[in-house]
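Notes follow the structure.
The values are calculated or read from the model by the stated rules, or taken from the named source; none is laboratory data. Quick caveat, the model's predicted, so the values are computed rather than measured. Here the Cβ positions follow ideal geometry from the backbone for every residue, glycine too, while neighbour counts run over all protein chains shown. These accessible areas exclude ligands, DNA and RNA; they are computed on the full protein's heavy atoms, side chains included. Shrake-Rupley method; radii C 1.70, N 1.55, O 1.52, S 1.80 Å.
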2 protein chains.
Amino acid sequence: MAVSVSAADVKALRDRTGAAMMDCKAALAEAGGDPEKAIEILRKKGQASAAKRSGRATAEGVVESYIHANGKVGALVEVQCETDFVARTDDFREFAREVAIHVAGMNPPPQYVSVDEIPESEREAERRIYEAKAKEEGKPDNVIDRIVEGQLAKWAKQVALLDQEHIRSDRYDGKTIEEIRAELAANTGENVRIARFAHFRVGEE
Amino acid sequence: MAVSVSAADVKALRDRTGAAMMDCKAALAEAGGDPEKAIEILRKKGQASAAKRSGRATAEGVVESYIHANGKVGALVEVQCETDFVARTDDFREFAREVAIHVAGMNPPPQYVSVDEIPESEREAERRIYEAKAKEEGKPDNVIDRIVEGQLAKWAKQVALLDQEHIRSDRYDGKTIEEIRAELAANTGENVRIARFAHFRVGEE
């Protein structure tokens, strides 16, 4: 059965998901016009293609910066993609800029791009602090491990850029940097990778 | 004997030295109107006050960035001074920007702010390379040390930002970053310190 899909529905789905027009149209048709089902379809496809994409080499990209208006704090970021064609698009450059705005605005700033980058030594040091605190608070031994693991996971997300909600919550509605990155990757069809960042605040060396 | 010092002479001396108007006028008067002697007087005074200044705390400053027009390379710098008043001046901000332009433009980029920051382990690794090379070239043992020390000093200056000539040689006429910094310190009467910098080039992590 052919389902009639209006241009307005396609546009609305695109606005909600950030997926490409063609994909939105196909998903709506497959979902029989139901936008919620269409989102589900897009998400599954998105994850499938993202998994393929994340292994691909990123040799192109941009370096972007943001200096807060007071001139006392700034950030530099490198965001990579696969082709110079994508690197030159407004969407890609805007993403790089928004990451720089986020990094500059965070206090304390993120320490690593992803939780995977946290050195084992730092993780262990943090673990010892939580263990000592849990013991001091008289927590029973059989729950200390679980408490400590929970605190450690929470801390790791706080210091990892990708797990942070974008500081401009009015614009990004609580989305994490990783979620915004994944949308851009889906839109461009390329692997998008935040390679590194720097954050300087005057006197905070 | 009172020497008549013209405003044009004061201006010319200021342009050559970057010293403050009042200091230029006083130096010209002391030098009996001879600009070369006046420069010598300014230099001596400048060095004396610079030595006093360099011990003073720098808690203010700015963070500045520069992204090359191609968007593939950028730099972030932190430059410190003593008061927010100086941090807000155009001269201070321009210096920070010019340092960022320099860092972004250098290929390879500087590795350290000053030679003092080079870790001993890295210096030793470099020394071993030069020693091996000198031996391979059959240099006599009694001169190897001198050759190696010379090469090491040259290398240290190449990787240290302050010792590099500003990349905009047309504008700075071969002056090093340190020389430009010292002029700004003399002009502002404050200790000026390049605290740190970052340099990103796409794909060069």
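Could you provide, to the nearest whole Å², the per residue accessible area of the protein assembly as shown with probe 1.4 Å?
Values: 22530 Å² over 410 residues.
For the protein assembly as shown, the solvent-accessible area averages 55 Å² per residue.
Looking only at A:V63, A:V79, A:V148, which one moves most when chain A is put into a Gaussian network model with springs between Cα atoms under 10 Å?
Fluctuation is largest for A:V148.
Return the single residue from B:V99, B:V143, B:V73 with maximal mean-square fluctuation; model: Gaussian network over chain B, springs between Cα atoms under 10 Å.
B:V143
Using a 1.4 Å probe on the protein chains only, how many percent of the accessible area of the protein assembly as shown belongs to carbon and sulfur?
Carbon with sulfur: 50 percent of the solvent-accessible area.
Rounding to the nearest 20 debye, state how big the charge dipole of the protein assembly as shown is about its Cα centre with +1 on each Lys and Arg Cβ and -1 on each Asp and Glu Cβ.
Working: 62 positive and 76 negative charges, 81 e Å.
Here the protein assembly as shown has a charge dipole of around 380 debye.
Run through the DSSP bridge list for the protein assembly as shown and note the antiparallel percent, rounded to the nearest 5.
So the antiparallel bridges in the protein assembly as shown amount to around 95 percent.
Can you give the local net charge around A:A87? Use residues other than it whose beta-carbon is closer than 14 angstrom to its beta-carbon, Lys and Arg +1, Asp and Glu -1.
On the way: positive: A:R88, A:R93, A:R97, A:R193, B:K72, B:R201; negative: A:E60, A:E64, A:E78, A:E82, A:D84, A:D90, A:D91, A:E94, A:E190.
Neighbourhood net charge equals -3.
Given a cut-off of under 8 Å on Cα pairs at least six residues apart, what relative contact order in percent is computed for the range A:74-154? It would help to have the intermediate numbers written out before the result.
Working: 34 pairs, mean separation 17.2, N = 81.
Relative contact order here is 21 percent.
For A:K154, tell me the accessible area in Å² from a 1.4 Å probe, rounded to the nearest 10.
130
What average count of beta carbons from other chains do you get within 10 Å of the Cβ of residues in A:193-201? Write out the running numbers ahead of the final one.
Details: counts 0, 0, 5, 3, 3, 9, 3, 12, 2.
Per-residue shielding by partner chains comes out at 4.
Summing Lys, Arg as +1 and Asp, Glu as -1, what charge do residues with Cβ under 12 Å from the Cβ of A:K154 carry, A:K154 excluded?
On the way: positive: A:K157; negative: A:E126, A:E149, A:D163.
My count for the surroundings of A:K154 gives -2.
Given the DSSP H assignment, sum -39500 (n - 2.57) over each helix run of at least 4 residues in chain A and divide by its residue total; what's the result at 222 nm in deg cm²/dmol, nearest 500? Walk me through the numbers on the way to the answer.
Values: 9 runs with 112 residues, N = 205.
Calculated at 222 nm, the ellipticity per residue is -17000 deg cm²/dmol.
Magnitude of the Cβ-charge dipole of chain A, K/R +1 and D/E -1, about the Cα centre, nearest 20 debye?
Its charge dipole is roughly 260 debye.
If I take every Cα pair under 8 Å that is 6 or more residues apart in chain B, average their sequence separation and divide by the length, what percent do I get for the relative contact order? Walk me through the numbers on the way to the answer.
Details: 281 pairs, mean separation 52.2, N = 205.
Value for chain B: 25 percent.
Between beta-carbons, use under 11 Å as the cut-off and find the net charge around A:F200, counting Lys and Arg +1, Asp and Glu -1. Could the numbers behind the result be given before it?
Numbers: positive: A:K72, A:R201, B:R196; negative: A:E204, A:E205, B:E64, B:E78.
For residues surrounding A:F200, the net value is -1.
In the range B:72-90, which residues become less accessible by 50 Å² or more once every protein chain is in place, relative to the chain on its own, using a 1.4 Å probe?
Residues passing the criterion (a loss of at least 50 Å², heavy atoms only) are B:K72, B:L76.
Defining the label point at 7 Å along Cα→Cβ, can you sort the distances from A:R16 to the same site in each other copy, shortest first, in nm?
Values, ascending and in nm: 7.5.
Please find, in a Gaussian network model of chain B (springs between Cα atoms separated by less than 10 Å), the residue of B:G33, B:G74, B:G189 whose mean-square fluctuation is greatest.
Result for chain B, Cα springs under 10 Å: B:G33 fluctuates most.
Taking the simple approach of a point 7 Å from Cα along Cα-to-Cβ for both B:R171 and A:D9, what is their distance in nm?
The answer from the label model is 5.8 nm.
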